[in-house]
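Worksheet for the structure shown next.
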Amino acid sequence: MKSLFLSLVAVLALTPLTRADDATVKLSKVHMCCDKCVNGAAKAVSKVDGVTITSDKTARTIVLTASDTTTLQKAVDALVKAGFFGESSDASIKVSTDTGAKGEKVSTLKVEGVHLCCPSCVKAVDKAVKSVPGVTGDTAAKGVEVFEVTGDFKDTDVLEALKKAGLLGKAGS
């Protein structure tokens, strides 16, 4: 009986945690500067049942696995809602690019929903928005849900710069 139990334990230990028919998507170029970013992504995805997440800070990737693509899409949507952005390895899993920007020249822009868990996130936002011609400043700070960008610039340019940095924000009112 003991050998049967040990055999069963050995088989279970060698069985992969994912099934062959599970769906997987890899998001690349995601802002992942610290463990708080990794935990923030995991927290966002935890709201979707049946998804596992593996984040790699160095590679700036998130790998999601679920039993089907519908569940994967919900997990990606949860990441976007949490202010993360990346490129999907699966064309059927869409990363929303909707920012609410109108393509207009503005002097101030309120930006909502960007992931800002630590000073490094703030530096990434600051670097991204200040790369846009005409931006003179921003009020991004750790933990804020809304910040303001000032200068004379096109609203879409600021939000595109954030996406290139692996973050997503929405134009606020």
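Take the Cα of residue 164, go 7 Å toward its beta carbon, and the backbone nitrogen atoms of the range 117-144 under 12 Å from that spot belong to 127-133. Please identify, among 42, 59, 161, the residue showing maximal mean-square fluctuation in a Gaussian network model of the chain using a 10 angstrom Cα cutoff. Looking only at 42, 59, 161, the largest GNM fluctuation is found for 59. Site pair residue 67 and residue 102 shows an inter-label distance of 4.6 nm when each label is modelled 7 Å from Cα along Cα→Cβ. Taking only the alpha carbons of the chain, we obtain Rg and Dmax values of 19.5, 77 Å in that order.
Per-residue extension of 0.36 nm, minus the Cα-Cα distance of residue 52 and residue 22, leaves a gain of 9.7 nm for this segment. In straight-distance terms, cross-link reach from residue 105 covers every one of the aspartates and glutamates whose alpha-carbon lies under 17 Å from its own, apart from those fewer than eight places away in the same chain; here that gives 138, 148, 152, 155, 157, 160.
Since every read-out is calculated from the coordinates, none of them should be taken as a lab result. This one's a predicted model, so the numbers in the text were calculated from it and none came from an experiment. All Cβ positions, even for glycine, are placed from backbone atoms using ideal geometry, and neighbour counts span all protein chains on display.
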